[in-house]
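Everything on this sheet refers to the single structure shown next.
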Amino acid sequence: MTGVKSLYVHIPFCTTKCPYCSFAVAAGQLKQEGAYVEALSRERVPERLRLQTVYIGGGTPSCLSTEALARLFADTRARFDIADGAEITFEMNPESVDVPKARLLCSLGVNRISLGVQSLHDPTLQALGRPHRREGAVRAFEILRSAGFDNVNVDMIYGLPGQSRDDVMTDLGRLLTLGSEHVSLYALNIEERSLFFARRVDVDQDAQGELYTEVCRRMEEAGVYQYEISNFSRPGFESRHNINYWEGGDYLGLGMSAHSHIAGERFWNADTLPAYLDLMNAKGSARTGSERLPPHEKLVETFLFGLRMNRGVDLDRLEQAFGLEMSMDKKEAIEGFFEMGLLEEQGEHIRATAHGRLVLDEVSARII
Ligand code: SF4
């Protein structure tokens, strides 16, 4: 347990559910925020952990009232030892950013905001079912800056049906004018649990692949460097919390649907609000499942996560850390991808080439 340096807290509330969303959310149930934050404070935590990163995600954490936010942070600080200089990220959506909330979060020690902008083009926001518009997103960003946040991520979605290359590049250009330190760019994916899936919305994956190459190039020109498949930052502003995931590190997750990974065991909580609250009330634990990956599988999984990062992964060091060697058939598969130009060596690291990043899911599936 002492290896855990990262805490994720899931806040499931959203005003409505966006049609592309497949996350575990509790739409329109904010009246339960008091019971939820109270239940979070009762989740069992085996020992006092010293945290280097805290990530409050959702859902829409910013829709919590100021009272609920103050309680959430008071409980978290009482139960965990948050290291000086720890990265504390809070997710916000533009429609629930206001001056008092931004100032409160700053005073509570939040030092990184992830803002769900998604687009700065009103028809695109409408197509995504988002409640905010361009003007609201720009205003929210300005409020965050005025409150003192100097480490802000903005999310953007591209590759919607009917969206042209010019639409995407214009949208990205506008996003870049905000001057955020970090940008997460996602091609629209139609997930099974989403309304878009039920409506049979279709995306053109080939066109999305071409757009991906273009947006990566544009980000590089803007000096916002890619360090992971979907993530770009100015130097020094990479997400430490997410890098811990990609390096296969341990983390504790609290809240509805939250997953944890500690000392080789993965476990997770109930993924609906009623089930989470009922279990917490009945048992003081909302855990509904766990698994322990055999070390060989965990080694391969950690290697594949490492390939998501542009710097790649040092396989020799990974094998030393695990005290294991990757099997010959997997190493042969990796050799094959070198020959195909999808993976390459750089110093001690193996990493995906620009072409390999386009098809990393297929590469990973073949190595597994
Ligand atoms: S996409 Fe975000 S804001 Fe929309 S429903 Fe999902 S979690 Fe909530």
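A few notes on this one:
- Sorted by Cβ neighbour density within 10 Å, fewest at the top, the residues Ile113, Ile262: Ile262, Ile113
- A Cβ-based charge dipole, computed about the Cα centre of segment 95-160 with Lys and Arg at +1 and Asp and Glu at -1, lands at about 80 debye.
- GluC sites (Glu not before Pro) lying in DSSP loop within segment 100-196, provided at most 13 other Cβ fall within 10 Å: Glu191, Glu192
- Qualifying GluC sites (Glu not before Pro) in segment 10-73, where qualification requires a DSSP coil assignment and no more than 13 other C-beta atoms within 10 Å, comprise Glu47.
- Each Cα pair under 8 Å and six or more residues apart adds its separation to the average, and for segment 6-246 the resulting relative contact order is 18 percent.
- Separation of the Asp316 and Asp361 label points, Cα + 7 Å toward Cβ, nm: 3.5
- Toward the positive end of the charge dipole of segment 6-246, with +1 on the Cβ of Lys and Arg and -1 on the Cβ of Asp and Glu, the farthest Cα among Cys21, Ile82, Phe196 is that of Ile82.
- In this structure, the amide hydrogen of Gly58, modeled 1.01 Å from its nitrogen in the peptide plane, lies closer than 5 angstrom to those of Ile11, counting only residues at least 5 positions away or on a different chain.
- Across Lys298/Lys331; Lys5/Lys298; Lys5/Lys101, pairs whose alpha-carbon gap is larger than 24 Å: Lys5/Lys101
- The phi-based Karplus calculation (6.51 cos²θ - 1.76 cosθ + 1.60; θ = phi - 60°) puts the 3J(HN,Hα) values of segment 253-267 at x, 10, x, 4, 6, 5, 9, 10, 9, 9, 6, x, 10, 10, 9 Hz, whole numbers, x for Gly and Pro.
- Two-site label geometry, Asp204 and Leu104: point separation in nm, points 7 Å out along Cα→Cβ: 4.6
- Summing Cβ point charges (Lys, Arg +1; Asp, Glu -1) relative to the Cα centre of the chain gives a dipole of roughly 1400 debye.
- Reach of Lys17 by Cα under 17 Å, taken over lysines that are not fewer than 8 positions away in the same chain: Lys31
- In terms of surrounding Cβ atoms within a 10 Å radius of their Cβ, Asp166, Asp278 rank from fewest to most as Asp166, Asp278.
- Sites excluded, trypsin sites (Lys or Arg not before Pro) in DSSP loops with at most 14 other C-beta within 10 Å, longest stretch of the chain: 49-192
- Summarising the amide proton neighbourhood of Val154: residues at separation of 5 or more, or on other chains, whose placed amide H is nearer than 5 Å comprise Leu115, His182, Val183, Ser184.
- Set of aspartates and glutamates near Lys283 by C-alpha distance (under 17 Å), chain-local residues within fewer than 8 positions excluded: Glu38, Glu43, Asp271
- Compactness of the chain - radius of gyration and Dmax, Cα, Å: 20.7, 58
- Distance (nanometres) between label positions extended 7 Å along Cα→Cβ at Thr288 and Ala263: 2.6
Only the coordinates and a few stated rules stand behind these numbers; no lab work does. Quick caveat: nothing in here was measured; it's all calculated off a predicted structure. Cβ coordinates were reconstructed from backbone atoms using ideal geometry, including for glycine residues, and neighbour counts include every protein chain displayed.
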